[in-house]
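The values are calculated or read from the model by the stated rules, or taken from the named source; none is laboratory data. Everything numeric here is computed off the predicted structure, so don't read it as measured data. Cβ: placed from backbone, ideal geometry, glycine included. Neighbour counts: every protein chain shown.
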Amino acid sequence: MVYYQNPADQLVYGYDPATQQSLIDQAVAAGWTYVPVWPLPPSDEQLMAECKSTASGLLYETDWTSIPDVANPANDPYLTNQAEFIAYRNIIRGYAVSPVPNPIWPVMPTAQWSSS
């Protein structure tokens, strides 16, 4: 499959050179542009927007871990590994504030609760 972009509508069309060579020739004659890779890989801007959105969602999922009484030993049960969530959320918050195209996502800690 080969791909050409129509300058009139910016749409990309795929052709099979084995069976559609005449259509390819017509497209080239009409000024269509050869597209070496399709679909086009996402731009850095798109990847950074996805990073920010994912980070915001992960922060939302773990908001509960930052409530003070969740890790208060006076409560039973209480979250014993809140420090792991704080470290995790600091990395995620960094991506939410300053997104990057290809983040390395940390593994979310598993909640560990005190036992009675």
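Specify which of the listed residues (L58, L11) is farther than 30 Å from M1 by Cα and among the aliphatic types (A, V, I, L, M). Steps first, answer last, please.
Working: L11 fails: farther than 30 Å from M1 by Cα.
It is L58.
Mind checking which residues of segment 58-71 are over 20 Å from P106 (Cα atoms) and loosely packed, with under 13 Cβ neighbours inside 10 Å? Write out each step before concluding.
Of the residues in segment 58-71, the ones over 20 Å from P106 (Cα atoms) are 67-71.
Listed by number, the residues that qualify are I67, P68, D69.
Residues to consider are A49, A55, A83, A74; find the one that is among the small types (G, A, S), closer than 30 Å to M108 by Cα and in contact with a Gly (Cβ under 9 Å, 6 or more places away or on another chain).
After ruling out the rest, the residue left standing is A55.
Across segment 27-39, which residue is farthest from the chain's Cα centre (by Cα) among those that are part of a loop (DSSP other than H, G, I, E, B) and either surrounded by fewer than 12 Cβ atoms within 10 Å (Cβ to Cβ) or small (G, A, S) (or both)? Spell out the reasoning first.
If we filter segment 27-39 for residues that are part of a loop (DSSP other than H, G, I, E, B), which is where we start, we get 30-32, 36-39.
Right, trim to either surrounded by fewer than 12 Cβ atoms within 10 Å (Cβ to Cβ) or small (G, A, S) (or both) and you get 30-31, 36-37, 39.
Working: A30: 37, G31: 35, P36: 24, V37: 21, P39: 17 Å.
Going through the qualifying residues, I end up with A30.
Pairs only if they're at least six apart or on different chains, beta carbon under 6 angstrom, first in segment 95-111 and closer than 15 Å to E50 by Cβ and touching a residue at least 24 places away in the same chain (Cβ under 8 Å), second surrounded by 13 or more Cβ atoms within 10 Å (Cβ to Cβ) and among the hydroxyl-bearing types (S, T, Y); list them, first residue then second.
A96/S56; P103/Y95
How many residues, within segment 40-51, are of a type in the set (G, A, S) and surrounded by 11 or more Cβ atoms within 10 Å (Cβ to Cβ)? Show your work before the answer.
Quick first cut of segment 40-51, residues of a type in the set (G, A, S) only: 43, 49.
If we keep only those that are surrounded by 11 or more Cβ atoms within 10 Å (Cβ to Cβ) as well, we get 49.
Of the residues in segment 40-51, 1 are of a type in the set (G, A, S) and surrounded by 11 or more Cβ atoms within 10 Å (Cβ to Cβ).
Using the structure shown, decide if T54 is closer than 30 Å to N102 by Cβ, touching a strand residue (DSSP E or B) at 6+ places or on another chain (Cβ under 9 Å) and surrounded by 14 or more Cβ atoms within 10 Å (Cβ to Cβ).
On the way: closer than 30 Å to N102 by Cβ: yes; touching a strand residue (DSSP E or B) at 6+ places or on another chain (Cβ under 9 Å): no; surrounded by 14 or more Cβ atoms within 10 Å (Cβ to Cβ): yes.
For T54, the condition - closer than 30 Å to N102 by Cβ, touching a strand residue (DSSP E or B) at 6+ places or on another chain (Cβ under 9 Å) and surrounded by 14 or more Cβ atoms within 10 Å (Cβ to Cβ) - is not met.
Results for (1) assigned by TED's automatic domain parsing to the domain that holds P7; (2) among the hydroxyl-bearing types (S, T, Y); (3) in a helix (DSSP H, G or I); (4) without any contact (Cβ under 8 Å) to a residue 12 or more places away in the chain, shown as yes or no for each residue.
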residue: D25; (1), (2), (3), (4): yes, no, yes, yes
residue: A49; (1), (2), (3), (4): no, no, yes, no
residue: S53; (1), (2), (3), (4): no, yes, yes, yes
residue: S56; (1), (2), (3), (4): no, yes, yes, no
residue: V70; (1), (2), (3), (4): no, no, yes, no
residue: E84; (1), (2), (3), (4): no, no, yes, no
